[in-house]
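First up is the structure itself, then whatever we jot down about it.
The values are calculated or read from the model by the stated rules, or taken from the named source; none is laboratory data. All of these numbers come straight from a predicted model, not from anything done at the bench. For neighbour counting, all protein chains shown are included, and Cβ atoms are generated from backbone atoms with ideal geometry for every residue, glycine included.
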2 protein chains.
Amino acid sequence: MSKTFEKLQPYLDKSMALQTARNLFEWDDQTMAPFEAAEYTSKVIGILSDEYMKATINDDVRKLLKKLQEDKEQEELTVNEKAIVKELAKTYEQLENIPPEEYRAFNELTSVSSRKWAKAKKDNRYEDFAPYLQKVVEYKRKFAGYRAKGNKKPYEVLLGDFDECFLMPQLDTFFEKVKQDIIPLLQEVSKKAETIDKSYNYLKYDIDKQREFCKYLAGYVGFDFSRGVIAESAHPFTLNLHNHDVRITDRYMEDNLESGMFSIIHESGHALYEMDIDDDITQTLVGTGASMGMHESQSRFYENILGRSIEFWEPIYDKLVAAYPDNLKDITLEHFIKGINKAAPNLIRTEADELSYCIHIIIRYEIEKMIFAGDVTVEELPSVWNKKYQEYMGITPTTDTEGVLQDVHWSWGEFGYFPSYAIGTAVASQIFAYMKEKMPIQDYLKQGNLSSIREFLRDNIHKYGATKNTNEILQYVCGEDFKADYYVNYLKEKYTKLYNL
Amino acid sequence: MSKTFEKLQPYLDKSMALQTARNLFEWDDQTMAPFEAAEYTSKVIGILSDEYMKATINDDVRKLLKKLQEDKEQEELTVNEKAIVKELAKTYEQLENIPPEEYRAFNELTSVSSRKWAKAKKDNRYEDFAPYLQKVVEYKRKFAGYRAKGNKKPYEVLLGDFDECFLMPQLDTFFEKVKQDIIPLLQEVSKKAETIDKSYNYLKYDIDKQREFCKYLAGYVGFDFSRGVIAESAHPFTLNLHNHDVRITDRYMEDNLESGMFSIIHESGHALYEMDIDDDITQTLVGTGASMGMHESQSRFYENILGRSIEFWEPIYDKLVAAYPDNLKDITLEHFIKGINKAAPNLIRTEADELSYCIHIIIRYEIEKMIFAGDVTVEELPSVWNKKYQEYMGITPTTDTEGVLQDVHWSWGEFGYFPSYAIGTAVASQIFAYMKEKMPIQDYLKQGNLSSIREFLRDNIHKYGATKNTNEILQYVCGEDFKADYYVNYLKEKYTKLYNL
């Protein structure tokens, strides 16, 4: 091991331990902690966060990092160590240029603004949230300004935090292609979809049985219960302490069968990624998914590309019917598959079908670009939002609650995050196209052989964690750069077949 | 606030935050974490523990502590600050005199030895555990030696860690009294108890219903679900992050109704104590129970003194019968009360009745004294154990699994802990005697008015946390020092009445 890297190791270990502790508090807060705990626990989390910052950003580490970036030192590093140094440099770039007191003030602001958002959404009062959103935007613009090098635009800086391979030029091209091809397809499909009777999905489904069946589904796709657990929370999510402790949550609704099932498959996709990270790099800066986009590619691969296909359900649909015979005995597998793929223009992103989903993302992306280019004020956001929905979806929100207030992300200052969802599905489509060439993936699904699919993902993607970025992974796996065509073709092919267009 | 104390505050806050994180990991390990997580998570816990030690024991804090112990500085401190300084001095006395590398080696040893203990207990092979126990004893003896001042014996040092008010002179007197009075009483009671038919307790009791009824019981005695949660674990315990986040666990057995119910009442007693600690002192060194003995006094007060009385069950026994009508419809309240108080000599401490319980503790106390006086070798422990059980209980374990291997404590190095259980019951009896004079406590129970009882405990004991020690609490509440007579009288009176002796 390089002597310089060896000196860095204890600092990295300390950062990792403090970050893991913060993660556990986050998990606990969402799944377990009593309601009144927050105020007192936040004192603890605040101190741990300060300690994390001190352990990560300090003169000792700064010097070591600088040294490790020199050519001579680089030569002595292993592939993984190089990747860790690169990741550390990114962390420095993100945090070092921001004055600590401004960073703390911003964190305090977002903790307030996310509560204000929740209240404003509940009350349908955008005007109550707007002043806080205004401040959040100002901070993000200022922070991006501190960090922007050369002519880099603020929004470009923010996008880069979520996926360095998808900045404005890539996203503009990607989304233009999607708009051209998918908006007309959605209109066509939705006319046909109207006749699909999906009322079975909204009958009464016993929660205990859902819990049991969803656990079965997680295990079916490969979730390893000796290295992971499932709990419940208001919004499903995945969080891991390391590759031997990966946790997912689900939420079960008595009057919606699909909700819990597709959430658990989605989160299992995230979980498999984290469980498959190599032991050598877990608990390091690169011991996690390559990017938000890559992570979403795995969750959406399982949820949509596999999980909404007829081949996936063929071997297990009987089991689902057996769990709820009264509700499902007259619903054929073919009917069920049409049901879970019913598509139509809609207003709420988190309830959107596979076809309309990317349109929700495009709208957010275009608005975020406008915000940071100064082309729209915070005050004008609701009307811009509604106009875009009318233009692309053909429908207009009647309230801000089902419009501009629906997502929490902006209240946290997470601008530039939304594109990850779309990148994820597009990357997944590209990998799927490649896998179909290389292996009888649909036969595997019909045989209930999920492990062959998972092995491919582990050996080609998962185990490398963040030692490669999204483009490097695509080059490594598929031998080519990202191409939006795969995504558009995947959707066209799927829906054309499903709806006999 | 004293300037010196003000300087100390950030160090204390950092220690507290790191300790709270360790507590959360402990909770998570017992209730949630997947099986394979331990090895990787232990790396995180190791680093957090080192950081905790560094934050607590260092030259800056040492200097401030020394200064704060000076008369002039003491004058400037509030009552709570003085108590915190005293507690910090105790921590220093415990940790500062032990070389850090020995302390770390000891922690590694106990992590191994507790696993060796579990295996040896399962296999009934004391000889596999003995070499580890030998090393644990040697470390504890050495550590106590580092700390012993004057002529203080090593076991005296260890006892003091759990309750400074109960050292060998106090315990010798206490336990002699108990032996004289309780051993003959137990013999007398057990003859009569044989006729009590308790088979109803071992019928099949649905786990979900137990979970629900136990939750009801916790709420009934005052557990506040907005500031606490109940989970499940292999052995019931209480753990809190602060006074607004107090957690208890239970374990439900399908073929034992009592087990889950009395565990939840016991843990609720611990929880009420922690929930009632004043906001001013939570998250400080004195923001917890005064001692292990005081803590056990509260849990046993609820579990035994209240929870096994006919008055406690009078208003709620119908509800219990309604939960399990098939099993309990023919069991009268009087029969049930005899059942939950059935007493007889027995071998397993954790399954012991109220009357024989203290005999288990006396045996352990006497053996621990012998170990640290050098009067018995680790090799001889099984035979000494068995002889004592024959002498005091009139029965002999047939295996070491139900003998010397039954408790985990020694494998952790927790010598001096067991007396806390007996102190707890005795202190509870003394407080109970006082409360009966001051309030119609039995009427309150009959009316289901648990809150008047809890208010008394909160205002006189709980809220002060560890700002008073056990003796100071007894003086404050009852106006006298600890007296073992109350305990003996309580048991005599209770069992004489119950069994018409």
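Specify which of the listed residues (B:GLU51, B:GLU6, B:GLU93, B:GLU76) is closer than 27 Å to B:ARG141 by Cα, away from chain A (no Cβ under 14 Å) and not small (Gly, Ala, Ser).
Matching residue, one of B:GLU51, B:GLU6, B:GLU93, B:GLU76: B:GLU93.
With respect to A:LEU185, is the statement that it is farther than 20 Å from A:SER297 by Cβ and either surrounded by 17 or more Cβ atoms within 10 Å (Cβ to Cβ) or within 23 Å of the chain's Cα centre (by Cα) (or both) true?
So A:LEU185 fits the description; yes.
Kindly evaluate B:ASP29 against the criterion of being more than 8 Å from chain A (Cβ to nearest Cβ), surrounded by fewer than 19 Cβ atoms within 10 Å (Cβ to Cβ) and over 24 Å from B:LEU241 (Cα atoms).
So B:ASP29 fails the test.
Only helices (runs of 4 or more DSSP H) wholly contained in region A:254-333 count here; list those with 3 or more residues that are touching a helix residue (DSSP H, G or I) at 6+ places or on another chain (Cβ under 6 Å).
A:257-275, A:292-300, A:310-313, A:317-323
Looking only at residues in region A:212-225 that are within 13 Å of chain B (Cβ to nearest Cβ) and crowded, with 16+ Cβ neighbours inside 10 Å, which one is farthest from the chain's Cα centre (by Cα)?
Among residues in region A:212-225 that are within 13 Å of chain B (Cβ to nearest Cβ) and crowded, with 16+ Cβ neighbours inside 10 Å, the one farthest from the chain's Cα centre (by Cα) is A:ASP224.
Among the residues of region B:431-442, write down those that are over 13 Å from B:LEU457 (Cα atoms) and under 22 Å from the mean Cα position of the chain (by Cα).
Within region B:431-442, just B:ALA433 meets the criteria.
Report yes if A:TYR205 is away from chain B (no Cβ under 14 Å), modelled with pLDDT of 95 or more and assigned to a helix (DSSP H, G or I), otherwise no.
Here the answer is no, as A:TYR205 does not meet what is asked.
For region B:18-33, which positions are closer than 20 Å to A:SER15 by Cβ and either at pLDDT below 95 or not hydrophobic (A, V, I, L, M, F, W, C) (or both)?
Residues satisfying the conditions are B:GLN19, B:THR20, B:ARG22.
Report yes if A:HIS270 is touching a Ser or Thr at 6+ places or on another chain (Cβ under 7 Å) and more than 26 Å from A:PRO34 (Cβ to Cβ), otherwise no.
Yes.
Looking at region B:77-125, which of its residues are of a type in the set (Phe, Trp, Tyr) and within 23 Å of B:LYS63 (Cα to Cα)?
B:TYR92, B:TYR103 - these are the residues of region B:77-125 that are of a type in the set (Phe, Trp, Tyr) and within 23 Å of B:LYS63 (Cα to Cα).
Looking only at region A:115-140, count how many residues are surrounded by 18 or more Cβ atoms within 10 Å (Cβ to Cβ) and within 23 Å of the chain's Cα centre (by Cα).
Qualifying residue count for the region: 6.
If you go through region B:226-275, how many residues are over 16 Å from the mean Cα position of the chain (by Cα), more than 14 Å from chain A (Cβ to nearest Cβ) and modelled with pLDDT of 95 or more?
11
Among the residues of region A:386-394, is there at least one that is part of a helix (DSSP H, G or I), polar (S, T, N, Q), without any contact (Cβ under 8 Å) to a residue 40 or more places away in the chain and closer than 21 Å to A:LEU185 by Cα?
yes
Inspect region B:341-355 for any residue being in contact (Cβ under 8 Å) with a residue 60 or more places away in the chain, buried (at least 19 other Cβ atoms within 10 Å of the Cβ) and touching a strand residue (DSSP E or B) at 6+ places or on another chain (Cβ under 9 Å) and give the result as yes or no.
Within region B:341-355 (the criterion being in contact (Cβ under 8 Å) with a residue 60 or more places away in the chain, buried (at least 19 other Cβ atoms within 10 Å of the Cβ) and touching a strand residue (DSSP E or B) at 6+ places or on another chain (Cβ under 9 Å)), the answer is no, since none of the residues qualifies.
Name the helices (runs of 4 or more DSSP H) wholly within region B:424-501 that hold at least 2 residues that are closer than 19 Å to B:ALA343 by Cβ and of a type in the set (Lys, Arg)?
Counting at least 2 such residues, we get B:485-499.
Per-residue answers, yes or no, for (1) within 25 Å of the chain's Cα centre (by Cα); (2) surrounded by 19 or more Cβ atoms within 10 Å (Cβ to Cβ); (3) in contact (Cβ under 8 Å) with a residue 12 or more places away in the chain:
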position: B:GLU296; (1), (2), (3): yes, yes, yes
position: B:GLY307; (1), (2), (3): yes, yes, yes
position: B:PRO325; (1), (2), (3): no, no, no
position: B:LYS329; (1), (2), (3): no, no, no
position: B:PHE336; (1), (2), (3): no, yes, yes
position: B:ARG364; (1), (2), (3): yes, yes, yes
position: B:PHE372; (1), (2), (3): yes, yes, yes
position: B:ASP375; (1), (2), (3): no, no, no
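Just name the residue that is surrounded by the fewest Cβ atoms within 10 Å (Cβ to Cβ) out of those in region A:247-272 that are β-branched (Val, Ile, Thr) and in contact with a Phe, Trp or Tyr (Cβ under 8 Å, 6 or more places away or on another chain).
A:THR249
Residues in region A:62-83: is at least one loosely packed, with under 15 Cβ neighbours inside 10 Å, part of a helix (DSSP H, G or I) and in contact with a Phe, Trp or Tyr (Cβ under 8 Å, 6 or more places away or on another chain)?
The answer is yes; a qualifying residue exists.
Go through B:LEU445, B:LEU474, B:LEU457, B:LEU450 for me and flag whichever is touching a residue at least 40 places away in the same chain (Cβ under 8 Å) and touching a Cys at 6+ places or on another chain (Cβ under 9 Å).
After applying the criteria, what remains is B:LEU474.
For region A:16-26, give me each residue that is in contact (Cβ under 8 Å) with a residue 60 or more places away in the chain and more than 7 Å from chain B (Cβ to nearest Cβ).
Matches in region A:16-26: A:MET16, A:ASN23, A:GLU26.
Is it fair to say B:SER199 is away from chain A (no Cβ under 14 Å) and surrounded by fewer than 21 Cβ atoms within 10 Å (Cβ to Cβ)?
yes
From the residues in region B:236-253 that are free of Cβ contacts under 8 Å to residues at least 60 places away in the same chain and outside any strand (DSSP E or B), which one is farthest from B:ASP407 (Cα to Cα)?
The selected residue is B:HIS244.
Which of the residues that make up region A:307-324 are within 24 Å of A:TYR499 (Cβ to Cβ) and among the charged types (D, E, K, R)?
A:ARG308, A:GLU311, A:GLU314
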